[in-house]
Amino acid sequence: MSDTFPPSAEMAANAHVDAAKYDQMYAASIADPEAFWGEHGKRIDWMTPYTQVKDVSYDFGNVGINWYADGTLNVSANCVDRHLATRGDQTAIIWEPDSPTDPSLHITYNQLSASVNKMANVLKDLGVGKGDRVVIYMPMIPEAAYAMLASARIGAIHSIVFAGFSPEALAARVQGSEAKVVITADEAPRGGRNTPLKANADKALATCDASVQCLVVRRTGGEVAWDDARDRDYNALSAAASDVCAPEEMNAEDPLFILYTSGSTGMPKGVVHSTGGYIVYASMTHEIVFDYKDGDIFWCTADVGWVTGHSYIVYGPLANGATTLMFEGVPTYPDASRFWQVCEEHKVNQFYTAPTALRALMGQGNSFVEKCDLSSLRLLGTVGEPINPEAWNWYNEIVGGGRCPIVDTWWQTETGGHLMTPLPGAHAMKPGSAMKPFFGIEPVVLEPTTGAEIEGNDVEGVLCIKDSWPGQMRTVWGDHERFEKTYFSDYKGYYFTGDGCKRDADGDYWITGRVDDVINVSGHRMGTAEVESALVAHPKVAESAVVGYPHDIKGQGIYCYVTLMGGEEPSEELRKELRTWVRTEIGPIASPDLIQWAPGLPKTRSGKIMRRILRKIAENDYGALGDTSTLADPSVVDDLIDNRMNR
Ligand code: WTA
């Protein structure tokens, strides 16, 4: 049995939820979800209070998810306006720039209100209205948060594209969401280097509808090309705009945002989140899971380009009137002490990051941590991938000084907020375990082939969720059929997570990783199909298959099998060229780690690539290949083993 770390007496006594309260609230949430969520929906200010709470069908062919459906509200009013009377002068956002020698900013709720209202008016003047889409392609600067809240204020649907994505990826998302406006910045400083965001947006917009406008925020003041017909100067427009803009009254089920994420097949899909249920769930999980209390300084190190940044940098914290820290830089710039220096300087109380960052920092030695005063820290969190016990122990002892509970939060872009995590005052943590479901979440472990529920403890299978929760995604943008097919067709009557899990002898959950063709590289979700389609778009590539393999720092690395066109010769140079090619097609996060030249790929007689075999070879576990007799040409496997890259 693994070590367990029970909450300290002090934590248990002071936390929002202790063990007894968890048991009582969890039981109530499952016994009567209507009553439970009816009560907790009141944490949000409604323009028209709801009378209906839950209206959900998981029936394949007829999936519909509705929460608080007759209520109306505005999310920006909940994140900004409702705090002005009580905490207008409190800091809402602490902004820490890329370079530690540049000044940080403290933006009060009053200032946030003025900036959000101004940007809302700027967007309105550009012709953006309720239901229109706004793509946000921004550095981690306060204007990114203003852009999100300004869109929400006027009822527009935002879709953030991570600033590390290529022009091609940006263009696909602008086209996919049929956006009216792209908000970007001149350049994005990160780790001392500037990414030319405006130039990327120019390239992307060249392939989009000519009516798409580009609103440009000045961050570095660097030179940018300017097209008077399309480009708009945010700084000038916002200086002239009024700081009063009435919040649009939105239905609870109106979309708040679209966020593209990778799936096991095809191109990324636009995950659609709602207005009412999402904000209830993001704010409640933020408060309870992080044990957030008034006056705390909360820091989530994610980028707003990912769902973690949506829910736990912007929406959850601001709905709770919190002080949220937004960091523009990277953990290792100027050196491996940066995270800890920022914690010391801003007296951070809750710190939330990804295991990949911890593994990278752990490798640099303890002195980078130990020279900083981390006594303000009260709680630590992780997200994005399973955390290995070594990294967990290091986080606990070296960063947390053995005093801070670690919440290992398992969730997904699709779920809007945490679904499983230990609660800091309630549960004895186990390194590497996501432990317990949040309120209202009923995890089930299914037998992968039959789909039968596996009862009892000490079992393993695929992870599904039995019933809905308010933060759940509602549909795939423009493709409800794909939504039903992806999440509700393999295991009828359940939400299928795509993850495998174990339920241990105590009934606690351990996520074992994806069971589909999604890989998790440095906590970034990547579809192997996307990398494959980028590779085969190269003129010298005939075919490719991409799988994940274990990587010490990244969690998983990207392993590509590539079959060249007849007559093309493999070379180191071509390897480099293909790497650069994929980076340009998708972005640096998709850069292949290993490329193996494969004269042939293992296929069934019907032509289906046997990825199971490729995965095993990439994992250097080819002793366990299993049955290869159904292959059209079993001999290709020997060649792949002989020439494997991951020895
Ligand atoms: C994985 C990120 C283990 C999982 C919020 C999931 C995790 C995918 C954890 C979603 C965790 C996330 N332990 N695995 N604590 N958190 N994952 O959509 O495979 O970027 O399905 O959302 O990350 O990634 P996404």
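Data for the structure
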{"quantity": "Residue in the stretch 313-322 that is within 23 Å of D552 (Cβ to Cβ), small (G, A, S) and outside any strand (DSSP E or B) present", "calculated": "no"}
{"quantity": "Residues that are part of a strand (DSSP E or B) and touching a Gly at 6+ places or on another chain (Cβ under 7 Å), drawn from the stretch 93-133", "calculated": "T108"}
{"quantity": "Filtered residue count, the stretch 565-586, keeping only those that are part of a loop (DSSP other than H, G, I, E, B) and touching a Leu at 6+ places or on another chain (Cβ under 9 Å)", "calculated": "2"}
{"quantity": "Unique match (being buried (at least 24 other Cβ atoms within 10 Å of the Cβ), within 16 Å of the ligand (Cβ to nearest atom) and farther than 12 Å from I511 by Cα) among G416, G440", "calculated": "G416"}
{"quantity": "Candidates V271, V244, V280, V330, filtered to the one that is within 16 Å of the ligand (Cβ to nearest atom) and on the phi < 0 side of the Ramachandran plot", "calculated": "V271"}
{"quantity": "Near pairs, Cβ below 6 angstrom, 6+ apart or cross-chain, from the stretch 407-423 (closer than 18 Å to A19 by Cα and at pLDDT 95 or above) to any residue that is assigned to a strand (DSSP E or B) and within 8 Å of the ligand (Cβ to nearest atom)", "calculated": "D408/T382; T409/V383; M420/W410; T421/T409"}
{"quantity": "Residue within the stretch 142-156 that is farther than 27 Å from A319 by Cα, assigned to a helix (DSSP H, G or I) and not polar (S, T, N, Q) present", "calculated": "no"}
{"quantity": "Candidate set from the stretch 392-405 (those that are within 25 Å of Q556 (Cα to Cα) and buried (at least 22 other Cβ atoms within 10 Å of the Cβ)); member that is farthest from the ligand (Cβ to nearest atom)", "calculated": "V399"}
{"quantity": "Filter result for the condition that a residue is out of contact with any Lys or Arg (no Cβ under 8 Å at 6 or more places or on another chain) and closer than 30 Å to I154 by Cβ, over W46, W67", "calculated": "W46"}
{"quantity": "Count - residues of the stretch 363-391 that are within 16 Å of the ligand (Cβ to nearest atom) and either closer than 21 Å to Y292 by Cβ or touching a Phe, Trp or Tyr at 6+ places or on another chain (Cβ under 6 Å) (or both)", "calculated": "6"}
{"quantity": "Where a residue in the stretch 515-543 is of a type in the set (D, E) and its partner, wherever it lies, is within 12 Å of the ligand (Cβ to nearest atom), with Cβ under 8 Å and at least six apart", "calculated": "D516/G263; D516/S264; D516/G498; D517/S264; D517/G527; E530/S262; E530/P268"}
{"quantity": "Identity of the residue in the stretch 481-500, free of Cβ contacts under 8 Å to residues at least 60 places away in the same chain and touching a Phe, Trp or Tyr at 6+ places or on another chain (Cβ under 7 Å), that ends up farthest from the ligand (Cβ to nearest atom)", "calculated": "D490"}
{"quantity": "Inter-residue pairs, beta-carbon under 7 Å, first within 21 Å of I313 (Cα to Cα) and in the stretch 328-340, second aromatic (F, W, Y), 6+ apart", "calculated": "P331/F339; W340/F368"}
{"quantity": "Subset of the stretch 555-595 (residues that are within 13 Å of V541 (Cβ to Cβ) and touching a residue at least 40 places away in the same chain (Cβ under 8 Å))", "calculated": "Y561, L578, W581, V582, E585, P592, I595"}
{"quantity": "Search result, residues across the stretch 419-430 that are assigned to a loop (DSSP other than H, G, I, E, B) and within 12 Å of the ligand (Cβ to nearest atom)", "calculated": "L419, T421, P422"}
{"quantity": "Hits in the stretch 453-491 (condition: of a type outside the set (A, V, I, L, M, F, W, C), assigned to a loop (DSSP other than H, G, I, E, B) and within 25 Å of Y281 (Cβ to Cβ))", "calculated": "K466, D467, S468, P470, G471, Q472, R474, G478, D479, S489, D490, Y491"}
{"quantity": "Selection status of G309, within 14 Å of the ligand (Cβ to nearest atom), in a loop (DSSP other than H, G, I, E, B), at pLDDT 95 or above and not acidic (D, E)", "calculated": "no"}
{"quantity": "Candidate set: the stretch 529-548, residues that are surrounded by 21 or more Cβ atoms within 10 Å (Cβ to Cβ) and not charged (D, E, K, R); chosen: the one nearest to the ligand (Cβ to nearest atom)", "calculated": "G548"}
{"quantity": "Scan of the stretch 507-528 for residues that are under 25 Å from T449 (Cβ atoms), within 16 Å of the ligand (Cβ to nearest atom) and small (G, A, S), ordered by number", "calculated": "G513, G527"}
{"quantity": "Candidates I297, I313 - the one that is under 28 Å from S376 (Cβ atoms), over 18 Å from the mean Cα position of the chain (by Cα) and not acidic (D, E)", "calculated": "I297"}
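Matching residues to (1) within 25 Å of the chain's Cα centre (by Cα); (2) among the β-branched types (V, I, T):
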position: V63; (1), (2): yes, yes
position: S76; (1), (2): yes, no
position: A92; (1), (2): yes, no
position: I107; (1), (2): yes, yes
position: L123; (1), (2): no, no
position: I136; (1), (2): yes, yes
position: M140; (1), (2): yes, no
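The values are calculated or read from the model by the stated rules, or taken from the named source; none is laboratory data. Fair warning: this is a prediction, and the values are worked out from it, not measured in the lab. Every residue, glycine among them, receives a Cβ derived from its backbone with ideal geometry; neighbour counts consider all protein chains shown.
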